[in-house]
Structures are given as C-alpha cells and as structure tokens.
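Heads up, the thing below is written out as structure tokens.
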Amino acid sequence: MIQNKFKLIVGVLVVLLFSCTSGHKKNFSPQKEELAENVIFSKPLQARSKKKIRSSNSLKIVTWNIQDLGKTKNAEEIIEIAKILRNYDLIAIQEVVAKDPAGAQAVARIADELNRMGSKWDYQFSNPTKSPSVYMSERYAFLWKTSKVSLLKKAYLDKDLEDKCFREPFIGKFKLKKGTKPFYVVNFHSRKHNDHPEEEIKFFNDYPERLNTNNIFIVGDFNLNERHKVWSDLYELGFKSAVKNKKTTLKTACKNGVYLNHSIDNIYYNSLEVKFVNSDHLDFVKTCGNIKNARMLSDHLPVFLEFTMY
C-alpha cells in the first residue's frame, strides 16, 4: 500500500515537473523566434542599402552653366565652385569665356583646386564656337575624375552643326574605368529662349545614328524645359530627362522667399542603356540671404545624374 502511494506521488511529481518545463519552453520560444526574425530581416536590409549606394559602380555626371567663367572669377569663387563639384565624376561646363585666355585658364584653375581636394582630375576645353558674333562665341569644358573615367579620344566641336547652332555642341567619348562600353557626352548651350532654341535641339534626334550608339548623354543649358514638344522624338527613342519640374536659374533678387526661376538645364539619357540611380539640381543658394553671393558664382544651378551601365 505504502509502495503504491509512493509510486503515485512520484508519478504526480514527474507530471508536474514536465508541465513546468514544457510551459517554460512555450514562454521562451516566441522570444527566440522573434529575435531570430529580427536578425534575419536586418541582413537583407543592410544589403539593399549597400546596393542602393553602389558608389564604386555608378557614375555621377554634373552639368553647369557657370556664368561668364573667366577673369571675373576670383580665387575664392573658384574654390567655392570646386567645392560644389568635387563629389562628382564627370563635369560638363558651359559659358566658358572665349574672347581671351582667361576662360581656359579658369577651367585649369578649377581643375587645380579639385586636385587639391583628394582626387586626381583631368580636363579639356573646346576651341571657341563658330558663332554668328564674337559676343555669342564661347568655349565648353569637360573635367573628369581619372580614377572613374577615361577620355577615349580628344573631344571635339560638332562641325556638322556649326551652321545650324549659334554654339555648336562639344562632344566627348568616354569610358568607365571599370567598364567596357564607351559613351558620348554632348555638351551644349543653346541660343536664347526667344530665339527658338528648338530649331537647334531638333538636330539631336540624329545623334544615335551619327554616333552609332544610344549610349549618349545630352547635357547643358537648353533655354527650354523638358516638357517642350521638341524632345518628343528623343523620348520615343528611349531618352529621358534627368530632372523634371526643377527650376535651375536664379532670380536677380529674392521675391516672396523665392529665388529660383526657370527650368532649362538638364541631362538627357537613354534609359535602355543605363540604369537610373539618382538625380537633382544642386541648390547651393539655400536661403534668400545668399542670393547675391551665389550669383557671383553663376546665375544657374548645376544638375546631376547618377547612373550605372547595363
């Protein structure tokens, strides 16, 4: 009898012990599972973030009409221009003064300052454009970070358009240092908006056939926005504008807190050839109190496009 009672008591204790242990597992397991989910989920997030940056694989092109780039720019202004441009890989500049050497010298001064900021840069400026008058004639310039980009041959002014444009485009053929496919950059400053710049821009539709590639970037100051019908043919070929509805020129004075004016600077690229990463205008003005000093650099904002090659 006593033996039977002892067995019964032992059996009850075992059941109770098992129940407590099992209950402890039930309370702990969800915490372990929740922790595991968090660890597993955080890894793809980090990977996606790194993939989005892609700093080593992407290229950043920036275009800027730097008003009257020549002897009017003092040393401090050249340094400020270089600071704005330093984080980009390939720079296209319009409105480099052509009537004296000071324009070409200003490009060299920008390159010199960029070289002081941690990366090696090279540059090339164009001859003066074949314009209807000396007052319309300008030079263009390319500057590029040599660790990211190579210029495959000397850039050139487009002679086929010198009788059709007030300032014929400046064309450079480049290649990514870590890539194999060459690409062209067509650097352009159109005639004024009231002189019908669309009569110049319409010839850009021929570039894919003339250059025998769609891997083309058409950059610069077009004196009309990306919604103008002149771009329709290029859009049908797969081209897109880097920025949309982005004002890129500066007012002479701030009015009601607004200092930006027209949407005329842009980068047009073929979306079938490159993958878009990022783009914007670079607002170095930021507040109305800076408008006077900002206009000492230029009356335009730079526009950039970051992309990767397919």
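Volume per residue of the convex hull around the Cα atoms, evaluated for segment 103-146, comes out as 56 Å³. Across segment 87-127, Cα-Cα distances exceeding 17 Å account for 29% of all pairs. The calculated FRET efficiency for Lys178 paired with Asn245, based on their beta-carbon distance and R0 = 30 Å, is about 0.35. Highest average first, the peptides 108-114, 277-283, 214-220 ordered by how many other beta carbon atoms sit within 10 Å of their residues are 214-220, 108-114, 277-283. Kirkwood analysis of the Cα pair distances in segment 103-193 returns a hydrodynamic radius of 14.2 Å.
Look at the Cα gyration tensor of segment 186-306: its axes a ≥ b ≥ c give a/c of at least 1.5 with a/b over b/c, and that counts as prolate. Report note on the peptides 195-208, 249-262: ranked by the mean count of other C-beta atoms within 10 Å, highest first, their order is 195-208, 249-262. Separation of segment 172-202 from segment 128-164 is 10 Å, based on Cα centroids.
When nucleic acids and ligands are ignored and a 1.4 Å probe is applied, Leu176 ends up with an accessible area of around 20 Å². Modelled this way, with points 7 Å down the Cα-to-C-beta line, the labels at Lys99 and Thr146 are 3.5 nm from one another. Spacing of the modelled spin labels on Lys164 and Thr213, each 7 Å from Cα toward Cβ, amounts to 2.1 nm.
Per residue, segment 218-287 exposes 48 Å² of solvent-accessible protein surface, assessed with a 1.4 angstrom probe and all protein chains in place.
Our coupling estimate for segment 218-223, obtained by passing each phi through the Karplus curve with A = 6.51, B = -1.76, C = 1.60 and θ = phi - 60°, is 9, 10, x, 10, 9, 6 Hz, Gly and Pro reported as x. Shown is the FRET efficiency for Lys153 and Lys192, computed with R0 = 22 Å from the Cβ-Cβ distance and rounded to the nearest 0.05: 0.10. Projecting the Cα atoms of Val258, Tyr269, Gly179 onto the charge dipole of segment 161-300 (Cβ charges, centred on the Cα centre) puts Val258 farthest toward the positive pole.
By the compact-protein rule of thumb, 2.2 N^0.38 Å, the alpha-carbon radius of gyration of segment 210-281 corresponds to a ratio of 1.27.
The values are calculated or read from the model by the stated rules, or taken from the named source; none is laboratory data. All values reported here derive from a predicted model rather than from experimental measurement. In this analysis, Cβ positions are derived from the backbone assuming ideal geometry, glycine residues included, and neighbour counts consider all displayed protein chains. Surface accessibility is based on the protein's heavy atoms, side chains included, excluding ligands, DNA and RNA. Shrake-Rupley method; radii C 1.70, N 1.55, O 1.52, S 1.80 Å.
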